[in-house]
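The values are calculated or read from the model by the stated rules, or taken from the named source; none is laboratory data. All values reported here derive from a predicted model rather than from experimental measurement. Every residue, glycine as well, gets a Cβ built from its backbone with ideal geometry; the counts of neighbours run over all protein chains shown.
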Amino acid sequence: MMRKLRCLHNNKSLLSLFLVILSLQACQSEYQRYVDEEVNSGITQDSLIFGMRMGQTKKDFFATCWELNRQKLISQGNGNTTARYIADQDSTGTNPMAKDMLFYGIFDENDIMRGMEMTYSFLTWAPWNRNKQSDSLMLHLRDQYLKGYPGNDFIELKIKALEHPALVKIDGNRQILMYPKNDKDVVVKIEDLNYKLNNEWKKE
């Protein structure tokens, strides 16, 4: 059963406002407990995609992409700022679950790869195609990532800047966060929490 982080909305009085504040604190504390428990477990997970791993260099990333491109498994994304891969495409090219995936490594100031950011969309997406919208895609991706990255389940996480809840899965130091970017796209970020906690949170 997926653990859910539920936050209260539509407050109409001081009491409801107080309950909202308490609920938001509870949401944050549950996520924080999840982070603390996994990071403190001492488990290290570094696998990303296509055999790439956290801790590799940007040079390693480009070398892998060059080889995948040579094998015609990937191509250049829009604006040459990402790599493009067609996931779940069958030999007939008619798989309704085929997805466009744009990806690029997340690098630190020393060009060490600390994670991967991917943007997915169904190839057959259309504004009128209800079962190909980002909410359906995110559930599909959740199931795929649970198979590809076994361990803990995803939980819901309310992020202030997002209209809809995100999904987050943490196994040791590795966090997988996914959220709908719009009606078409879903963003998936795989990040090293050890690096994130020691660097990004210090800047806030």
Item to check | Hits in region 28-76 (condition: among the aromatic types (Phe, Trp, Tyr) and part of a helix (DSSP H, G or I)) | outcome: 31, 34, 61, 62, 66
Item to check | Within region 89-146, considering residues that are over 24 Å from residue 53 (Cα atoms) and of a type in the set (D, E, K, R), the one modelled with the lowest pLDDT | outcome: 90
Checklist entry - Under 7 Å by Cβ, and 6 or more places apart or on different chains, what pairs join a residue from region 59-80 that is free of Cβ contacts under 8 Å to residues at least 60 places away in the same chain and surrounded by 13 or more Cβ atoms within 10 Å (Cβ to Cβ) with one that is hydrophobic (A, V, I, L, M, F, W, C) and part of a loop (DSSP other than H, G, I, E, B)? => result 61/52; 64/50; 64/52; 65/74; 68/50; 68/74
